[in-house]
Each structure stands twice: as C-alpha cells, then as structure tokens.
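For reference, the structure discussed in these notes is given below.
Read-outs: derived from the displayed coordinates by stated rules, not from any lab. Predicted model, so just to flag it, every value in this text is computed and none were measured. Note: ideal-geometry Cβ built from the backbone for every residue, glycine included; neighbour counts use all protein chains shown.
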Amino acid sequence: MISVTGFPQRSAAAGGTESGRPEGLGASGQAALAAELQATMASIRRSGRRQAGRPVELSRVTGAQLELVRVVSRRPGLSITEAAEDLLLAPNTISTLVSQLAEAGLLVRRVDESDRRVVRLTLSPSISRQVDVWRDRRVLALSEAIGQLAGDDQRRLAHALPALLAVAEHLETGGAGGDQQARPGPGAGRRLRPGRRPGPGGGVPGSAPPLR
C-alpha cells in the first residue's frame, strides 16, 4: 500500500522482521525519503533565514564562515580544535576561517591563560547580540509555521524528532562504517599548480598554521 507521504509501506499482513520490529522502507524507499527529507530541511532553513533577515554584517560571509559563527555563538570560548570537531572540519580549515572572521571584526581571539598554545574564540559583542536576535527571529518564524499545522500533525512532528536526532548522530559518527571523516572545507577539490605543495597539515598553501 501507499502511505499518505507517498512512500511505499508494507501492509500489516506482510509481517515484520525476525526481531519483531516492523520492516523498513527498503533501499529504494529509504533513498526517496532521504531525498525528500534533505530537500524539505533545506527549504525550511532557507525560508527561515529569508523571513528572519540576516544581519548586514553577515550578509557577505560564506556558508562555512556562517557555520563557524553559529558554533561560536552557541559555545563562546571554544577552541579551534573544539570548533573543528563540532563542524567535522580540519583544524587548518578552521584556522583559516577564524583569521578571515577576525580580520572582518566578527570574531575575537584570546589566548587561554592556562595554556597559551590554545586560542579561545568569541564573537565580537555587537555581532553576538545581532546573532542572538537573528536566531530568535528564526525560531519564532518556525514556531509560527508549526502553529499553522493541525494538532495531529504537530504531534507527529514532535514524535519524529528522536528519529531525526538518531539520523544526525549516525551521520556525525561516520555512518555504517563508523569511520568519521572530515567534510571538505573551503577550497577543497582545488587543483594546485605544478610545483606547489600543500601547506602544513595538508592545508591550502598560505593558510594559517594549525592552532588549538
């Protein structure tokens, strides 16, 4: 039979797995659901950002820079290594992003008093306030959209959150293979001209040396 979402489901007569749990959608159904889920989440994020209106100071930052701004906003005082772990990027890539944002006056770098090899990151005060307001506007826009749903749909959405969190955790830990891999950062895939070698730690030539 076909569910209301358009994805094939087995009827109750078809039974479940040997463990007693209902069978899944199958490979083709999972792929279709993954594509729809990815498109839907992207649409929600785009619409929320458009309604909330990005602060002028952040209007020209790249996607990677904006992700770092969000992480620092959530975890002020984190180190470059911690930011790299959070975003699944190489520390060299984070160092480059930090330098760019610091030069733009959006990020503040401070040396850790207990370990001077470690750099702590915070947003500049004015940007921090604007990011907080921006996040609140996005949450409010999404909350209002959820409020337009029927009560049953709101409850279905709430019940789906644990499954979505499990998917996110599975992706963050590297999927079925369990091998965590860093996502390519800015400049990934660019070809180096003959005679040029990668910078320290495999980074882009001229990038900042790795900090912690």
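Considering only the Cα atoms of the stretch 61-123, their convex hull presents on average a projected area of 3.8 nm². From least to most packed, judged by other beta carbons within 10 angstrom and beginning with the fewest, Leu101, Leu157, Leu68 follow the order Leu157, Leu101, Leu68. A P(r) calculated from all alpha carbon pairs of the stretch 125-173, with 5 Å bins opening at zero, reads 4, 18, 14, 15, 19, 18, 10, 3, 0 percent.
Counting 0.36 nm for each residue step from Asp136 to Arg75 and taking away their Cα separation leaves a gain of 20.3 nm. Computed over the alpha carbons of the stretch 94-163, Rg followed by Dmax gives 19.2, 55 Å. Of the trypsin sites (Lys or Arg not before Pro) found in the stretch 56-152, those in coil by DSSP whose Cβ has at most 16 other Cβ atoms within 10 Å are Arg60, Arg116, Arg117.
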